[in-house]
């Protein structure tokens, strides 16, 4: 049974960028491992990811919140208005949500999703979407359980540090 009360969620600060990058790397590696050869997954240096997240935190694009267990950052969520063309201003988007594998299925992801949902509602959003790797069943299952519906006609291929990723958009109402 998960207990997301073990986790506190707060807005990220510039000092959190390196920890966010470390969680990003660890989670991405573990999530991709079941359907990719681990040797084929290029390692993005923590310093490079930290620079990206530091800029995101500084300019609030996307907004970044972190989940903490005590003083340790164990997960993060990046969210804001949808980047998809032609979406209404009331459409939010989860840009990224990652939890360190040591804390998977413990409630940190739920706590992060709840914080992002509340912040998007406060900004006037009525719906939210996310782009998910099609082959990553753990991620798809998390979003399914959070009430998102798969939009089967949205499949696309996107380049990434891990090579080309097949993605699909998921969406749900948040009001």
| Evaluation of residue 139 against (1) at pLDDT below 95; (2) closer than 29 Å to residue 18 by Cβ; (3) in a strand (DSSP E or B) (one fails), failing number | (3)
| request: Under 9 Å between Cβ atoms, at least 6 apart or on separate chains: pull out the pairs that start in the stretch 149-172 with a residue that is at positive phi and assigned to a strand (DSSP E or B) and end on any residue that is surrounded by fewer than 12 Cβ atoms within 10 Å (Cβ to Cβ) and modelled with pLDDT under 95. | output: 163/40; 163/42
| task | From the list 101, 88, pick out the single residue that is surrounded by fewer than 19 Cβ atoms within 10 Å (Cβ to Cβ) and touching a residue at least 60 places away in the same chain (Cβ under 8 Å). | result | 101
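Return yes when residue 79 is in contact with a helix residue (DSSP H, G or I) (Cβ under 8 Å, 6 or more places away or on another chain), closer than 28 Å to residue 6 by Cα and either modelled with pLDDT of 95 or more or assigned to a helix (DSSP H, G or I) (or both) and no when it is not. Even if it seems obvious, please write down each step before you answer.
On the way: in contact with a helix residue (DSSP H, G or I) (Cβ under 8 Å, 6 or more places away or on another chain): yes; closer than 28 Å to residue 6 by Cα: yes; either modelled with pLDDT of 95 or more or assigned to a helix (DSSP H, G or I) (or both): yes.
So residue 79 fits the description; yes.
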| query | Taking the condition in contact with a strand residue (DSSP E or B) (Cβ under 7 Å, 6 or more places away or on another chain) and free of Cβ contacts under 8 Å to residues at least 60 places away in the same chain, does residue 130 pass? | reply | yes
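The values are calculated or read from the model by the stated rules, or taken from the named source; none is laboratory data. Nothing here was measured: the structure is a model prediction, and the numbers come from that model. We place every Cβ from the backbone using ideal geometry, glycine too, and count neighbours over all the protein chains shown.
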